[in-house]
1. Tell me yes or no: at least one residue of the range 67-83 is touching a residue at least 24 places away in the same chain (Cβ under 8 Å) and of a type outside the set (A, V, I, L, M, F, W, C).
2. Does Ser11 meet the test of being modelled with pLDDT of 95 or more and over 25 Å from the mean Cα position of the chain (by Cα)?
3. Show the residue pairs meeting these rules: Cβ distance below 7 Å; 6+ apart or different chains; first residue within the range 46-58 and under 18 Å from Ile21 (Cβ atoms); second residue of a type outside the set (Ser, Thr, Tyr).
4. Looking at this structure, is Lys92 among the basic types (Lys, Arg), modelled with pLDDT of 95 or more and surrounded by fewer than 12 Cβ atoms within 10 Å (Cβ to Cβ)?
5. Working carefully through the options Asp51, Asp45, Asp70, Asp83, find the one that is more than 23 Å from Lys2 (Cβ to Cβ) and surrounded by 10 or more Cβ atoms within 10 Å (Cβ to Cβ).
6. Consider Ser4 carefully, then state whether it is among the polar types (S, T, N, Q), surrounded by 10 or more Cβ atoms within 10 Å (Cβ to Cβ) and free of Cβ contacts under 8 Å to residues at least 24 places away in the same chain.
Amino acid sequence: MKYSEAIKPISYLKAHASELIREVSESRQTMIITHNGEARVVVQDIHVYQDMHESLTMLKILAQSSASIDQGRYKPLRTAFEDLEQQRTAHKGE
C-alpha cells in the first residue's frame with residue numbers, strides 16, 4: 001500500500017472504525033490518521049507493532065554492546081563461560 005492510500009482523516013476513522021481495523025489487521029499495513037490536515041495518529045496491526053518493538057529492543061542492545069566494547073567493558077567468551085560455570089557450581093553447593 002502506498003502512503004498516499006494509507007492516510008485517512010479522522011472523520012474516516014469515526015465512520016469506518018471496524019472496516020479500518022479489519023483492513024489494517026489483514027494487510028498488516030500502517031494507517032496514518034490526520035486531524036485538521038496534519039498527521040496525528042498511527043494505527044498499526046499488533047503483530048507489526050510487536051515485531052517493530054522487538055527490532056528496536058535488539059537495536060538498543062546492539063548499541064549498548066557497541067558502547068561497552070568502545071569503553072573496554074568486555075571479557076573474552078571463554079572467561080565469560082568460566083565465570084558462569086563457577087557461579088553455577090557455587091549455587092549447586094548451597
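The values are calculated or read from the model by the stated rules, or taken from the named source; none is laboratory data. It should be emphasised that the depicted structure is a prediction, and the values quoted were computed from it without experimental measurement. Positions of Cβ are generated from backbone atoms using ideal geometry, with glycine treated the same way; all protein chains shown enter the neighbour counts.
1. Within the range 67-83, none of the residues are touching a residue at least 24 places away in the same chain (Cβ under 8 Å) and of a type outside the set (A, V, I, L, M, F, W, C).
2. So Ser11 fits the description; yes.
3. His47/Arg28; Val48/Arg28
4. No; evaluated as a whole, the condition is false for this residue.
5. Within the list Asp51, Asp45, Asp70, Asp83, the selection yields Asp83.
6. Criteria not met by Ser4.
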